[in-house]
Amino acid sequence: MRPQAFDPVVSPSFRITQRDEVVTAGSCFAQHVARFLAASGFNFLVTESLNPAFDPKVGAAFNYGLFSARYGNLYTARQLRQLLERAYGLFEPIVQAWEGPEGGVVDPFRPQLQPGGFQSAEELALDRMVHLAAVREAFERMDVFVFTLGLTESWQDRRDGAVYPLAPGVAGGEFDPAIHAFHNFTVEETVADMQAAVEFIRTRNPKVRVILTVSPVPLNATAVNRHVFTSTTYSKAVLRVAAEEICQRNQGCDYFPSYEIITSPFVRGRYYASDCREIQPDGVKHVMSTFMRHYADAPGADCEPEELLPKSRQSGAEKVEKLLDILCDEEAIDNL
């Protein structure tokens, strides 16, 4: 079998039309889903965008459009659950701002999204108000929600359980062992958080259909006293089992095997870069062409994603590089 022909998808329970509003969230790999859907003419819903008076390059630099709202990477199911609770005023974290590494302040829940941080806590508070309103709009409007589970390891505040995408001290704030604790989520915890998130969303948007995926990107570092690959194996196993459990519990909830496509013996390891972590462009294209073939209800859905673009918008390798350029918080970790 040619590696590119490997297709483990059997029977999707629904299709996505070009009228359906699609929201994506999750780990770094979820950004690929968003960009390829948008580039392929599908209705990728963006509810938080920069004022059109600004140069579009500014919006890109400030990470607008990576996801439907400007929430950054949500690596764990707990982060998704807490984002929803914060958006609807059900959870107010004790810490609202961290001191930035270069002055100013950063958002503890989006520490790398605003280049250079915010000038003041007041500016951050105003931005957060707009942001959480955009989160509510996205989750209430969407027809399809694609969530990529990425990690089980997390850092949280002991006092209220607030979970951060990075440990305090990496991209802002200061680590205090009396306040901050490492936690590695179990299958049971991940299932509980993901189920709570799905139920929460469907109380406000009963029509939504859900696609869960597991990121094939290995951990960049681990806080457990063992090899990072062993921690990666644990993390991905937990997330895969949890995704299966959620899909079995909930109608209109599918699992898409992006993890299996990248890691399968059929592809002979060809989709990992020399660092054994970054996903090569061919791997992303394989995942997304498979996704489009099975879920996209549109002419040409079995084509490669870039073949679906209007010819005037294609620019060969440069276009692919732009699609694959993502924000990954883990890259801020110095694990040498």
Any idea what % of Cα-Cα pairs in the range 19-89 are farther than 16 Å? 53 percent
Which net charge results when you count Lys and Arg as +1 and Asp and Glu as -1 among the other residues whose beta-carbon is under 9 Å from that of Phe118? -4
Tally Lys and Arg at +1 and Asp and Glu at -1 over the other residues with C-beta under 13 Å from the C-beta of Val187: what net charge comes out? -3
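When the Kirkwood radius is taken over all Cα pairs of the chain, what Stokes-Einstein diffusion coefficient follows at 37 °C and 0.692 mPa s, in µm²/s?
161 µm²/s
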Percent of alpha carbon pairs in the range 158-306 separated by more than 26 Å? 42 percent
Along the positive direction of the dipole of the chain (beta-carbon charges: Lys, Arg +1; Asp, Glu -1; about the Cα centre), which of Ala5, Tyr272, Ala39 reaches farthest? Ala5
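Which of Thr222, Thr203, Thr186, Thr263 comes first, and how do the rest follow, when ranked by fewest Cβ neighbours within 10 Å?
Working: Thr222 21, Thr203 8, Thr186 13, Thr263 18.
With the fewest neighbours first, Thr222, Thr203, Thr186, Thr263 line up as Thr203, Thr186, Thr263, Thr222.
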Quick one: helix 228-249 against the long Cα principal axis of the chain, what's the angle to the nearest 10°, folded into 0 to 90? 70 degrees
Expressed to one decimal in nm², the mean projection of the alpha carbon convex hull of the range 122-225 is 8.6 nm²
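Which order results if Ser231, Ser215, Ser264, Ser274 are arranged by neighbouring Cβ count within 10 Å, fewest first?
Ser274, Ser264, Ser231, Ser215
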Please give the contour-minus-distance gain from Gln96 to Glu140: 0.36 nm per residue of separation, less the Cα-Cα distance, rounded to one decimal in nm. 13.3 nm
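Laboratory data are not the source of any read-out in this text; all were calculated from the coordinates shown. Since we're looking at a predicted model, the values are computed, not measured. In this analysis, Cβ positions are derived from the backbone assuming ideal geometry, glycine residues included, and neighbour counts consider all displayed protein chains.
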